[in-house]
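For reference, the structure is listed below as structure tokens.
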Amino acid sequence: MTDASVVAVGTPQSFRQQLARSLELEAEEVGWVQSATAAEELLIGPYHTVDVLVLSPEVKEADALGLAEFVGRTSPGTAIVLVRDHTWNGLLPAAMRAGIRDVVDMTQGTDELREAVERAIAWAANLRSANASGSKSEGVRTQRGHIISIFSSKGGSGKTFLTTNLATAIAQVTGEDTALVDLDVDMGDVFTYFGREPTASVTDLMGLGEGAERARVREVGVEVAPHTWAFGAPPDPAAEAPAGEAIGKFLRTIRNEFAFVIVDASVDYSDSALVCFDLSDMICLVT
């Protein structure tokens, strides 16, 4: 137990102590990060390997599933245990499909948690031993991209101008494929800066969040400049904005395929904007 790296994910920080007690460890022997996004940063860091991530009940189900998909791509030797403090409906099948090793009901006490983490540690150790000489899959990104969201609470602020120029500049300077995402479904005009028209529907865009392959992602996007792919739908003031959960899945998919994702966010504090903020590595506020 003491040789394994176990990290508690999510608030409150007391969850770390609760997990440590269940494993009969000191709190300092269990790592802690505040959110699923912070856990992703930890996994792509160069310093140490994480055997097990234990997600607190405060981690939203969508974030937990998104983290599991990220782990499956970038750190398949890391096991995930998801802890809930209430009865879940239909969560277990989705969790298993995403690659989560166990879902623990904390209302049944801490014994189940201890057993689940011990199973996860054993699984991670066996997998790492078997794959010690393995190699990375060709053509598959092993690090997630960086999301930069551009936001303004008023129109005419130059938000889209900044978004499009930032995306093309990053693509030119880095030589990396960069995604330019227009999430302003009411008045979005990212494509007009390149003299192009969007061809995808909102349904097409959100469908990418349901496990789309790389070829499908590129098919839905439009290459508007060298190394710059735009994603958006024709603006429709009458259109209903996609749900925040769907936006989150979509952005995670795009982030897995592109080194940089530049988002032209909506002009209000909608669910989609808040999801963008939560997933962003950087937020630019245009006043």
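The values are calculated or read from the model by the stated rules, or taken from the named source; none is laboratory data. Predicted, not measured: the structure shown is a model, and the values here were computed from it. Glycine gets a Cβ as well: all are built from the backbone with ideal geometry, and neighbour counts include every protein chain shown.
Details
- Selection from the range 209-235 of residues that are more than 16 Å from Tyr193 (Cα to Cα), crowded, with 17+ Cβ neighbours inside 10 Å, small (Gly, Ala, Ser) and modelled with pLDDT of 85 or more: Gly209
- Top-ranked residue of the range 180-208 - restricted to ones that are assigned to a helix (DSSP H, G or I) and either at pLDDT below 85 or of a type in the set (Ser, Thr, Tyr) (or both), ranked as surrounded by the most Cβ atoms within 10 Å (Cβ to Cβ): Tyr193
- Looking across Ala20, Ala64, Ala98, Ala120, one residue alone is of a type in the set (Gly, Ala, Ser), in contact with a strand residue (DSSP E or B) (Cβ under 9 Å, 6 or more places away or on another chain), touching a residue at least 60 places away in the same chain (Cβ under 8 Å) and not assigned by TED's automatic domain parsing to the domain that holds Gly209. It is Ala120.
- Pick from the range 83-105, criterion surrounded by 15 or more Cβ atoms within 10 Å (Cβ to Cβ) and within 21 Å of Ala246 (Cβ to Cβ), ranking: modelled with the lowest pLDDT: Leu91
- Only one of Val54, Val50, Val81, Val71 that is in the same structural domain as Ile121 (by TED's automatic domain parsing), β-branched (Val, Ile, Thr), under 17 Å from Ala120 (Cα atoms) and in contact with a Lys or Arg (Cβ under 8 Å, 6 or more places away or on another chain): Val81
- Selection status of Leu55, within 27 Å of Ser280 (Cβ to Cβ) and either touching an Asp or Glu at 6+ places or on another chain (Cβ under 7 Å) or modelled with pLDDT of 95 or more (or both): yes
- Those residues of the range 178-204 which are under 19 Å from Phe151 (Cβ atoms) and of a type outside the set (D, E, K, R), in sequence order: Thr178, Ala179, Leu180, Val181, Leu183, Val185, Met187, Gly188, Val190, Tyr193
- All positions within the range 259-287 that are charged (D, E, K, R) and at pLDDT 90 or above: Asp264
- Of all residues in the range 236-287 being of a type in the set (Ser, Thr, Tyr) and in a loop (DSSP other than H, G, I, E, B), the one that is surrounded by the most Cβ atoms within 10 Å (Cβ to Cβ): Ser266
- Residue among Glu213, Glu176, Glu223, Glu197 that is over 19 Å from the mean Cα position of the chain (by Cα), without any contact (Cβ under 8 Å) to a residue 24 or more places away in the chain and not assigned by TED's automatic domain parsing to the domain that holds Ala98: Glu223
- Of the criteria (1) under 20 Å from Glu245 (Cβ atoms); (2) touching a Ser or Thr at 6+ places or on another chain (Cβ under 9 Å), which one Leu55 fails: (2)
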